[in-house]
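First comes the structure, then the notes that go with it.
The values are calculated or read from the model by the stated rules, or taken from the named source; none is laboratory data. As the structure is a computational prediction, the values presented were derived from the model and not from experiment. Here the Cβ is made from the backbone with ideal geometry for all residues, glycine too, and neighbour counts use every protein chain on show. To get the accessible areas, we keep the full protein, side chains included, count just its heavy atoms, and leave off ligands, DNA and RNA. Shrake-Rupley method; radii C 1.70, N 1.55, O 1.52, S 1.80 Å.
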Amino acid sequence: MKPQHQFTQSQFEVARLGPCERTSPLQLSTTPGDGRCDYTPDDMRILFEPRFRAGEPICPLSMEHAGARERIYFDPMEVKAAIVTCGGLSPGINNVVRTIVLELIHNYGVPEVWGIRYGYEGLNGNVGRPPIALTPEVVENIHHRGGTILGTSRGPQLPADTVDFLTARGINMLFCIGGDGTQAGAHAMAQEVERRGLKIAVIGIPKTIDNDIEFCFTTFGFATAVGQAEIAIDRAHVEAKSVYNGVGLVKLMGREAGFITATAVLASGEANFCLVPEIPLELHGPDGFLAKLKRRLLAREHAVVVVAEGAGQHLLDEIQGADASGNRRLADIGYFLKAEIERYLKAEGIPTGVKYFDPSYLIRSLPAEAVDSLICERFARAAVHAAMSGRTDMLVGLWHNHLVHVPLGTSTGLKKRLDPESELWTSVLSLTGQEKW
Ligand code: ATP
Ligand code: MG
């Protein structure tokens, strides 16, 4: 996270389509603070930095608190909403789709919700498949399934084309579920909408299994991924302990951020080395990873190594270009490390057996576990409330466990990374002891 002094308050002011002149049809308590499910007052804020040194002034920088508003912008009967899912899979996408649909239709009384097919491609009438009508019946059971019932894709579309599509179909509310690329695309669309003077709410919901979106302490899919990754680490430990000098090597998701890897390592307690993109990986030399692994094997006769997919990329010669969205394709650190470990230990005369685990696709495609289902529920309802109140060009974020509204123009381009000074990383070092070998 950038230090707070790099932001100004105006960067947290959320765009609005117009004044809220209607009373919400939701039947919530109107007495703030009585412990019931209140409407959130429009001026309720969450402090950017809640910590402070006693006696020093509190930083007044704050974000808008998400939640249902008593006064709304849209007449629910005039809303035509659409939902699009983009980028890679993450457990819980269908839960988010389902809750958006149910909240819009059951609670606000919105008559029409459309599901855009295969990502932003479905917002280009010239290339995409037509949208499908989303009803409570269609979404009834989808939260038990992994993936996205709408389909997803990578690859850019021109905002001019996608906004043409929305206007041609009379869609005035768009929910964009996806990662950094998706939110950049949503921001581009919202800007095009504003340029044309249209009244279309564009709301982003962060989907990042790697947990690398800024202003979002955690997102759906992460807990499920960590739980499954922990199982893989535990299995690798069993394999490693079962043979003399066994090495269990697990590759986990995390293209540029090591949160899943570090968190799963802590949850498992069985890893001896945790390699993440944020910490440079040196293989050779007396303090390199391979020498440390050797010392560990000589002392304990087994080792478990957990590596994030984006770790040690500088060690790999062939950088394999980019995908359809322009994301850098990563060369496979897992196979590379396996080969390097085997080659090094053989040269050192140390017999070993390396067992390699790559559970990534098994994990991404799972349905959400309970903790993630709850996060999906919270994000999706907050997104609907924000849209109904006429907010636009914003992302639903999670800040100090409060849902907040973050302007897409502020969140786009910022990437959350594991801080080597953080409690998370120092705990990993304490647990693995990897720097001491
Ligand atoms: P993941 O976490 O899986 O990477 P993502 O949302 O970042 O999710 P991408 O494939 O990078 O996945 O992007 C999703 C969609 O957003 C793609 O259609 C991509 O072309 C589009 N997109 C990415 N960056 C931009 C941008 N700067 N402006 C407009 N559209 C973008
Ligand atoms: Mg991305």
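Here are a few things to note about the model shown:
- Ranking of Glu309, Glu78, Glu301 by solvent-accessible surface, largest first: Glu78, Glu301, Glu309 (1.4 Å probe, protein heavy atoms only, all chains present).
- Taking amide H as placed 1.01 Å from N in the peptide plane, Leu275 has its amide H under 5 Å from the amide H of Val306, Val307, Ala308, each at least 5 places away in sequence or on another chain.
- Antiparallel %, DSSP beta bridges [both residues in segment 222-364], to 5: 5
- Top of Tyr73, Tyr39, Tyr361 by mean-square fluctuation, Gaussian network on the chain, Cα under 10 Å: Tyr361
- Per-peptide average of other Cβ atoms within 10 Å, ordering 363-370, 217-224, 279-286 highest first: 217-224, 363-370, 279-286
- Partner lysines for Lys80 [C-alpha distance under 17 Å; skip if fewer than 8 residues away on the same chain]: Lys199
- Candidate residues Thr152, Thr182: accessible-area rank, largest first, probe 1.4 Å: Thr152, Thr182
- Looking at the chain, the accessible area is 43 square angstrom per residue; that uses a 1.4 Å probe and ignores ligands, DNA and RNA.
- GNM on the chain, alpha-carbon springs under 10 angstrom: the most fluctuating residue among Gly334, Gly413, Gly254 is Gly413.
- Going by accessible surface with a 1.4 Å probe and the largest first, Met44, Met394 read Met44, Met394.
- Building the convex hull from the alpha-carbon atoms of segment 208-273 and averaging its projection over directions returns 4.3 nm².
- Violating pairs (Cα-Cα greater than 28 angstrom) within the set Lys355/Lys436; Lys251/Lys294; Lys355/Lys415; Lys294/Lys415; Lys251/Lys346: Lys355/Lys415; Lys294/Lys415
- Principal-axis analysis of the Cα atoms of the chain puts helix 159-168 at an angle of about 40° to the longest axis.
- DSSP-defined beta bridges in the chain - what % are antiparallel, rounded to 5: 35
- Considering only Ile231, Leu166, Ile93, and ranking their Cα positions along the charge dipole of the chain that arises from unit charges at the beta-carbon of Lys, Arg, Asp and Glu, the one farthest toward the positive end is Ile231.
- When the solvent-accessible area of the chain is split by element, carbon and sulfur atoms take up 52 percent of it, the probe being 1.4 Å.
- For segment 222-364, taking Cα atoms only, Rg and Dmax work out to 14.6, 47 Å respectively.
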